[in-house]
Amino acid sequence: MSKIDTRLNVSPVPPDEIFALNGAYAVDPHPQKVSLGVGVYRTDDGKPWPLPVVQKAEKELVVDDDLFRHEYTAIEGDVPFLGIARDLMFGFEGKQGEEEVKARIGTVQTVAGTGANHLGALFLAHHMKPPTVWLSNPSWANHQTIWELAGVPRKTYPYYHAATRSFDFEGMMSSLESEAQEGDVVLLHACAHNPTGLDPNKEQWVAIADLCERKKLFPFFDSAYQGFASGSVEEDAWAVRYFFNNKPDMEMCVAQSFSKNFGLYGQRVGAFHYCTNRASTSLRDVVVNNLCHLIRGEFSMGPRVGCSIVKKVLTSEELTADWHQDLQVMSSRIKTMRKALYSELVRLQTPGTWEHIIEQNGMFSYTGLTPKQVYALKDKYHIYLLKSGRASISGLSQKNVTYVAQAIDDVIRNEN
Ligand SMILES: Cc1ncc(COP(=O)(O)O)c(C=O)c1O
């Protein structure tokens, strides 16, 4: 390539793997192609699923015909939405004494979960200057990018035990115990770990919280799948709520996304919560004030439509009940497809063990397929998944699961 005359000092950045894969899938004319790449919910017909409750809420919003619906909001976002998002995450139910506890949480609206992670990283980079952020190995690839852009040195803690395809709790604990320093940030997936689908159990979460407290580490929760993973918003928020309620002297934060649990992917609905320790409730306002400074300089305020939909649903008992049903529909279809893929592989006696597919949780399965097998699936069968072997289970259906299992069986048996 001839040298281009420019004032810029730029060199090509590798394309984002997920979006590149999606693009390749979109232009593949093969009739049996299967997309197991991007983490979006699909119906058994492989179609997007605007949640029925979201469609109801949209209709009600049209009827409301609110004159202010396209106006600017406050810099911190749509104020009623902020309280609703916080209560969903932390589980406040109008009990006595809650107001005092709520005062420990400063919330702002963000550009979905990515924006919440980004804003949080930027905020901590400016105002806490953590020596290191600890990311799980592996993690959602964007965590690396977000913290790199925030200029915080990154290290990883072991998370996945490849031989047993299980959560490496001992590896995680011993690495953080021996290497993490006071003031380091530890990034934790609140539930449905992306990409492994493996979460700590409750006892392990308690031990992680104790470790963070004892070593004075700062827990940063990324909650992208609340309610989507298990079908229960309580269950999927257990770790966040445990840390918050049982370690009141420990500051922490949460990046909350509404993309998956409301199917509002392109609407960019999210929130960032900073939890002060019990000694410093007044700190909260200064935190929010500084978050607003970052928001104002970057995007002024979060977008409006998606958060109006969430607000509509979560302020109505009837619509909230409908939403819980929709969460059940999505999480149970994913569990059903896990079982279907597992049963097919067992039926075919595909070499290897496959229990991990039914034991993992949430949108993804870390299949254990090698990059070579992943390429073979794409080249020979037009089945698309990440080269790490991560498969988005929602791309499976009753119609394609046999085809996918047979393809996996073939690429494993005929590898050499
Ligand atoms: C772990 C994790 N965090 C955050 C996100 C952000 O999602 P969004 O920005 O679409 O809300 C995702 C989406 O895939 C994710 O898997």
Across 10 Å bins from 0, what is the distribution of all Cα-Cα pair distances for the stretch 222-264, in whole percents?
-> 28, 49, 20, 2
Burial ranking of peptide ranges 252-265, 127-140 (average Cβ count within 10 Å, highest at the top) | 252-265, 127-140
If contacts are Cα pairs under 8 angstrom and at least 6 residues apart, what is the relative contact order of the stretch 72-315 in percent?
-> 30 percent
With axes computed from alpha carbons, what is the tilt in degrees of helix 401-413 against the longest principal axis of the chain, rounded to the nearest 10 within 0 to 90?
-> 70 degrees
Using the Kirkwood radius over Cα pairs of the stretch 335-378, the Stokes-Einstein translational diffusion coefficient at 37 °C and 0.692 mPa s, in µm²/s and rounded to a whole number, is 293 µm²/s
Placing +1 at every Lys and Arg Cβ and -1 at every Asp and Glu Cβ, with all other atoms neutral, what dipole size does the chain have around its Cα centre, in debye to the nearest 20?
-> 900 debye
How many percent of Cα pairs in the chain exceed 26 Å?
-> 56 percent
Of Gly120, Gly97, Gly395, which is the most mobile in a GNM of the chain whose springs link Cα atoms less than 10 angstrom apart?
-> Gly97
Counting only DSSP beta bridges with both partners in the stretch 72-315, the antiparallel fraction in percent, to the nearest 5, comes to 50 percent
Short to long, in 5 Å steps from zero, the percent of alpha-carbon pairs of the stretch 72-315 per bin is 1, 6, 15, 20, 21, 18, 11, 5, 2, 0, 0
If one computes P(r) from the Cα atoms of the stretch 131-185, what percent of pairs lie at distances over 15 Å?
-> 49 percent
For the chain, what's the relative contact order in percent, using C-alpha pairs closer than 8 Å and at least 6 residues apart?
-> 25 percent
The stretch 280-340: Rg/Rh from Cα coordinates, Kirkwood Rh?
-> 1.23
What angle, in degrees between 0 and 90 and rounded to the nearest 10, separates the Cα long axis of helix 79-90 from the longest principal axis of the Cα atoms of the chain?
-> 60 degrees
From the square roots a ≥ b ≥ c of the eigenvalues of the alpha-carbon gyration tensor of the stretch 102-239, which class results: rounded (a/c under 1.5), prolate (a/b over b/c), or oblate?
-> rounded
Once the dipole of the stretch 72-315 is set up with Lys and Arg at +1 and Asp and Glu at -1 on Cβ about the Cα centre, which of Ala85, Val305, Leu283 lies farthest towards its positive end?
-> Val305
Neighbourhood charge, 13 Å Cβ-Cβ cut-off, centred on Pro158 and excluding it, Lys, Arg +1 and Asp, Glu -1 | -3
Listed residue pairs exceeding 23 Å between alpha carbons, taken from Lys47/Lys339; Lys155/Lys215; Lys47/Lys312 = Lys47/Lys312
Residue-normalised accessible area of the stretch 72-315, expressed per residue, 1.4 Å probe, Å² | 38 Å²
Any number yet on Rg/Rh for the stretch 8-90, C-alpha, Kirkwood?
-> 1.12
Note the angle between two axes, namely the Cα long axis of helix 317-347 and the longest principal axis of the Cα atoms of the chain, as a number of degrees from 0 to 90, rounded to the nearest 10.
-> 30 degrees
Mind checking which aspartates and glutamates have their C-alpha under 18 Å from Lys216, skipping anything on the same chain fewer than 8 residues away?
-> Glu177, Glu179, Glu182, Asp184, Asp249, Glu251
The answer for Leu188, listing residues at least 5 apart or on another chain whose modeled amide H is closer than 5 Å to its amide H, is Phe220, Phe221, Asp222
Projected onto the charge dipole of the chain (+1 at Lys/Arg Cβ, -1 at Asp/Glu Cβ, origin at the Cα centre), which of Asn400, Leu67, Ala321 gives the Cα projection farthest towards the positive end?
-> Asn400
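Run through every distinct alpha carbon pair of the stretch 203-292 and return the Kirkwood hydrodynamic radius in angstroms, one decimal place.
14.3 Å
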If we count every other residue with Cβ under 12 angstrom of Thr196's Cβ, Lys/Arg +1 and Asp/Glu -1, where does the sum land?
-> -1
For the stretch 72-315, give the percent of accessible area contributed by carbon and sulfur heavy atoms, probe 1.4 Å, rounded to a whole number.
-> 50 percent
In the neighbourhood of Asn277 defined by beta carbon distances under 10 Å, the net charge of the other residues (Lys, Arg +1; Asp, Glu -1) is +1
Charges only on Cβ, +1 for Lys and Arg, -1 for Asp and Glu: so what's the dipole of the stretch 1-139 about the Cα centre, in debye to the nearest 20?
-> 620 debye
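The values are calculated or read from the model by the stated rules, or taken from the named source; none is laboratory data. Because the structure is a prediction, the values reported are computed rather than measured. Glycine also receives a Cβ, built like all others from the backbone with ideal geometry; neighbour counts cover every protein chain displayed. Protein only, heavy atoms only, side chains kept; ligands, DNA and RNA dropped before computing areas. Shrake-Rupley method; radii C 1.70, N 1.55, O 1.52, S 1.80 Å.
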